[in-house]
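This report concerns only the one structure given below.
Coordinate-derived values only; no laboratory data. What you see is a predicted model, and the numbers here were worked out from it, not measured in a lab. All Cβ positions, even for glycine, are placed from backbone atoms using ideal geometry, and neighbour counts span all protein chains on display.
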Ligand SMILES: Nc1ncnc2c1ncn2[C@@H]1O[C@H](COP(=O)(O)OP(=O)(O)O)[C@@H](O)[C@H]1O
Ligand SMILES: [Mg+2]
């Protein structure tokens with residue numbers, strides 16, 4: 001289970017991204033990047049963050065720790081900005097928090113080098129979850145204490161916006177030509193050999209169990225949150241076995 005904390009203070013919005021995540025303090029004295037249920041695509045973005053973040057972590061990739069953050073909309077009352085006030089007011093209840101990596105630098109493909117093994121693992125993972133948000137223009141990778149950390153998995157698993165077409169969608173190819181790590185000759189075959197066997201039904205059950213029920217309730221076509229959890233697991237399980245052959249647009253390293 002993800003740790004549960006309660007927000008005690010909203011500090012400031014983080015402006016780089018589109019979804020207006022904020023920085024907040026919580027009752028465990030932690031500082032978290034807060035992603036709101038009331039933002040843009042709403043709770044599906046948060047579900048994607050949990051599924052991808054917890055899957056990536058179990059595959060050995062670095063992802064800041066995730067927590068759930070209880071938010072009392074009252075915290076927004078003193079906010080001078082209308083946009084922030086609206087966001088806080090519409091996000092009462094369970095939101096997503098992520099450990100804030102203080103002092104982290106945004107990854108710049110021209111300033112940093114990544115080895116073919118690590119690049120391969122990350123491109124393979126992004127292809128698996130169909131992440132369209134790791135381009136060189138917008139890498140969503142942070143450098144922190146000399147290591148690469150993965151953030152922002154809200155724009156993944158496009159199939160969860162249209163469940164009847166999920167199976168077909170999960171079979172599609174992944175164009176990596178714009179990927180932030182495309183220039184580092186990612187070793188996809190090596191990554192597939194190492195990671196694909198680890199994406200099992202058991203692992204995906206463990207990962208999807210981390211999604212809070214509140215973000216899964218009342219999805220049209222599903223009777224229970226657990227039915228929807230299984231629907232998240234199925235396309236990932238099917239895709240893991242074949243995805244490295246579906247990656248296009250990069251020169252592969254060995
Ligand atoms: N865990 C974190 N630690 C430090 N900075 C972060 C963290 N998460 C996000 N940020 C900063 O906030 C920005 C926006 O966050 P992101 O998750 O990419 O949201 P968006 O969906 O708005 O793009 C990032 O580009 C990064 O600069
Ligand atoms: Mg982003």
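A Gaussian network model of the chain, with springs between Cα atoms under 10 Å, assigns the largest mean-square fluctuation among 194, 206, 117 to 194. Look at the Cα gyration tensor of the chain: its axes a ≥ b ≥ c give a/c of at least 1.5 with a/b at or below b/c, and that counts as oblate. Would you mind telling me which residue in 95, 138, 162 has the biggest mean-square fluctuation in a Gaussian network model of the chain, where springs connect alpha carbons within a distance under 10 angstrom? Among 95, 138, 162, the largest mean-square fluctuation in the Gaussian network model of the chain belongs to 162.
Taking every C-alpha pair closer than 8 Å and separated by at least 6 residues, the mean separation divided by the residue count of the chain gives a relative contact order of 20 percent. Residues 244, 179, ranked from the fewest to the most other C-beta atoms within 10 Å, line up as 244, 179.
Extending 7 Å from Cα along the Cβ direction at residue 202 and again at residue 89 yields two label points whose distance is 5.0 nm.
Relative to the dominant Cα principal axis of the chain, helix 43-58 is inclined by about 50°. With 0.36 nm allotted per residue and the present C-alpha distance subtracted, the residue 1-residue 77 stretch has 24.3 nm of extension available. Between residue 177 and residue 161, the modelled label-to-label distance comes to 2.2 nm, taking each label 7 Å out from Cα in the direction of the beta carbon. Looking at the stretch 3-99, the DSSP beta bridges with both ends there are about 85 percent antiparallel. The calculated 222 nm mean residue ellipticity attributable to helices in the chain amounts to -9000 deg cm²/dmol, summing -39500 (n - 2.57) over DSSP H runs of n ≥ 4 and dividing by all residues. For the chain, the antiparallel share of DSSP beta bridges with both residues in that region comes to about 80%.
Relative to the current alpha-carbon distance between residue 11 and residue 242, full extension at 0.36 nm per residue lengthens the span by 78.8 nm.
Which distance in Å, rounded to a whole number, links the C-alpha centroids of the stretch 182-235 and the stretch 31-63? Result: 12 Å between the Cα centres. Here's the picture: a label point sits 7 Å out from the Cα of residue 111 along the beta-carbon direction, and within the stretch 139-173 the residues with their amide nitrogen under 20 Å of it are 139-152. When you count the other C-beta atoms within 10 angstrom of each residue and take the mean per peptide, 40-51, 166-177 line up highest first as 40-51, 166-177. Would you mind pulling out the separation of the Cα centroids of the stretch 137-151 and the stretch 1-18, in Å? Between the Cα centre of the stretch 137-151 and that of the stretch 1-18, the gap is 19 Å. For the stretch 3-99, the relative contact order works out to 32 percent when only alpha carbon pairs closer than 8 Å and six or more residues apart are counted.
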